[in-house]
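**Student:** I have a structure here, written as structure tokens, and I will follow up with some questions on it.
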Amino acid sequence: MLEESVGLAAVTILAILEQAYFCLQVIQARRKFGVPPPATSGPAEFQRVFRAQANSSEYFPIFISALWLSGIFFSQGLSSACGLLYLGGRLAYFRGYSQSPEQRLGPLYFSSQVLWLLIGSSGLGVLLAFLRLYLAPGLLGGFGSA
Amino acid sequence: MLEESVGLAAVTILAILEQAYFCLQVIQARRKFGVPPPATSGPAEFQRVFRAQANSSEYFPIFISALWLSGIFFSQGLSSACGLLYLGGRLAYFRGYSQSPEQRLGPLYFSSQVLWLLIGSSGLGVLLAFLRLYLAPGLLGGFGSA
Amino acid sequence: MLEESVGLAAVTILAILEQAYFCLQVIQARRKFGVPPPATSGPAEFQRVFRAQANSSEYFPIFISALWLSGIFFSQGLSSACGLLYLGGRLAYFRGYSQSPEQRLGPLYFSSQVLWLLIGSSGLGVLLAFLRLYLAPGLLGGFGSA
Ligand SMILES: N[C@@H](CCC(=O)N[C@@H](CS)C(=O)NCC(=O)O)C(=O)O
Ligand SMILES: N[C@@H](CCC(=O)N[C@@H](CS)C(=O)NCC(=O)O)C(=O)O
Ligand SMILES: N[C@@H](CCC(=O)N[C@@H](CS)C(=O)NCC(=O)O)C(=O)O
């Protein structure tokens, strides 16, 4: 079954590559602005890049969880498409935040909305699976297994 | 198979919603105490809300991993129940920590113990699966596939 | 299917235990150097232990995602072996960083390279699965399902 989740898997790999890119940007910013580890504070420019990566890291496991739940219980196509939009939004968030705190807001709202879509479709999909399994196996497309 | 993991999936969605709630609380605390991004330090009240969310974010992927391992290799019922207890403990941690550092301790111990239960049952389940697969397929309930 | 992923599951449990160990080290460092929550700054010795755990936490969900993708789509044996190497590298990173920022570098490069190997094999595995499913089911070992 999981082997057929190539769409979700491909989006997950892109998400990993994006996080790797953010990490490399922080390493570069540490060099450029002279903020060697373990320090985490420095000029505002550094601070913004540092926080853009930290914030994206916090959301990464939430995004991956919602992506797979929605893809498995609702629709792989919709989930993968939302996943790509989310990753695009996060890239814009990172670039915007690197420029100024204000420029992070538009992409933040966008990626949050896409994330809510993934959470909503996960919830709907899990609810339908629950009904199919426990309440009305005969009614909701469970003919094959009934 | 995964489609039958509705219990684990439902707990995962609740965990995502809880993290979203924590994030919204940080955003509100940023406004209330005047700590605009990228700043992360401010009055102690802000600091505690900020850290309560950051700490819960750190534990989120660990929790999700243990929840699913325990649910797939040991028991979905036990895992889902532990998952709900853990999320309740984390909510109490967040609320307690927001009040004072001391009030985070009770819920922290509670949620840690539940997490250890999930880790322990994961370990036991994986060990049994290993024995079943590689060492004694005939002895440990592998009759069907032998 | 997932029940057969005992190698990946075992490595995941080890990864969870390692993170738990790092957390306990931070708690101990908080006591030793007198840095009670919600504070996150203190003497350089504390700062290094704190950041070593924080950095490993950031990478944890990325590592787990790459481990399972590579294990499911490419090879469980290779993935599990890389997983063990990665966890060894992270332990060395944590210990090195606790001593001095310089001593984190060797293990960091090592664990990054192992992570890239997992990401690369994930990418290759997903690409092959994609070809098998959509483009040339007859050519790439899809005889069984054709
Ligand atoms: N959050 C990391 C992202 C990039 C990263 O992984 N950096 C490596 C190489 S400079 C590291 O060891 N960082 C130390 C740290 O995170 O404290 C950082 O702040 O540096
Ligand atoms: N850790 C986040 C949690 C809440 C969040 O995601 N906030 C959004 C909107 S204020 C953000 O862009 N935070 C900037 C940051 O994390 O540096 C925070 O400290 O703000
Ligand atoms: N990042 C954590 C790792 C260890 C941990 O989970 N500590 C518990 C007990 S001291 C905690 O509640 N930490 C408070 C915090 O993370 O702000 C820390 O800095 O303390």
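**Student:** Of all residues in region C:1-56, which are among the hydroxyl-bearing types (Ser, Thr, Tyr) and more than 14 Å from the chain's Cα centre (by Cα)?
**Tutor:** Looking only at region C:1-56, we keep the residues that are among the hydroxyl-bearing types (Ser, Thr, Tyr), and these are C:5, C:12, C:21, C:40-41, C:56.
C:SER5, C:TYR21, C:THR40, C:SER41 - these are the residues of region C:1-56 that are among the hydroxyl-bearing types (Ser, Thr, Tyr) and more than 14 Å from the chain's Cα centre (by Cα).
**Student:** Now for a separate question. Can you say whether B:GLY123 is away from ligand 2 (no atom under 16 Å from the Cβ) and under 26 Å from B:ALA54 (Cβ atoms), as far as the supplied structure shows?
**Tutor:** On the way: away from ligand 2 (no atom under 16 Å from the Cβ): yes; under 26 Å from B:ALA54 (Cβ atoms): no.
So B:GLY123 fails the test.
**Student:** Next up: Can you tell me which residue among B:TYR109, B:TYR97 is in contact (Cβ under 8 Å) with a residue 24 or more places away in the chain and either under 20 Å from C:PRO61 (Cβ atoms) or out of contact with any strand residue (DSSP E or B) (no Cβ under 6 Å at 6 or more places or on another chain) (or both)? Show your work before the answer.
**Tutor:** Numbers: B:TYR109 fails: in contact (Cβ under 8 Å) with a residue 24 or more places away in the chain.
Within the list B:TYR109, B:TYR97, the selection yields B:TYR97.
**Student:** Condition first: of a type in the set (Ser, Thr, Tyr), farther than 17 Å from C:GLY7 by Cβ, buried (at least 19 other Cβ atoms within 10 Å of the Cβ) and in contact with a Leu (Cβ under 6 Å, 6 or more places away or on another chain). Can you find one or more residues in region B:95-117 that meet it?
**Tutor:** No, that holds for no residue.
**Student:** Does B:SER75 satisfy the condition of being surrounded by fewer than 22 Cβ atoms within 10 Å (Cβ to Cβ) and more than 9 Å from ligand 2 (Cβ to nearest atom)?
**Tutor:** Working: surrounded by fewer than 22 Cβ atoms within 10 Å (Cβ to Cβ): yes; more than 9 Å from ligand 2 (Cβ to nearest atom): yes.
When the stated conditions are applied, B:SER75 passes them.
**Student:** Quick one: in region C:1-52, of everything that is among the β-branched types (Val, Ile, Thr) and closer than 30 Å to B:LEU124 by Cβ, which residue is farthest from ligand 2 (Cβ to nearest atom)? So that I can check it myself, show each step before the final result.
**Tutor:** Pass one, region C:1-52, residues among the β-branched types (Val, Ile, Thr): C:6, C:11-13, C:16, C:26-27, C:35, C:40, C:49.
Filter once more, keeping what is closer than 30 Å to B:LEU124 by Cβ: C:6, C:11-13, C:16, C:26-27.
On the way: C:VAL6: 36, C:VAL11: 29, C:THR12: 26, C:ILE13: 28, C:ILE16: 23, C:VAL26: 18, C:ILE27: 21 Å.
That would be C:VAL6.
**Student:** Also, quick follow-up: How many residues does region B:78-104 contain that are within 16 Å of ligand 2 (Cβ to nearest atom) and of a type in the set (D, E, K, R)?
**Tutor:** 1
**Student:** Filtering region B:56-78 down to residues that are out of contact with any Ser or Thr (no Cβ under 6 Å at 6 or more places or on another chain) and free of Cβ contacts under 8 Å to residues at least 40 places away in the same chain, which residue is farthest from the other protein chains (Cβ to nearest Cβ)?
**Tutor:** This residue is B:SER56.
Bear in mind that the values in this text are calculations on the coordinates, not laboratory data. Source: prediction; values computed, not measured. Because the Cβ atoms are built from the backbone with ideal geometry, glycine has one as well, and the counts that use them run over all protein chains shown.
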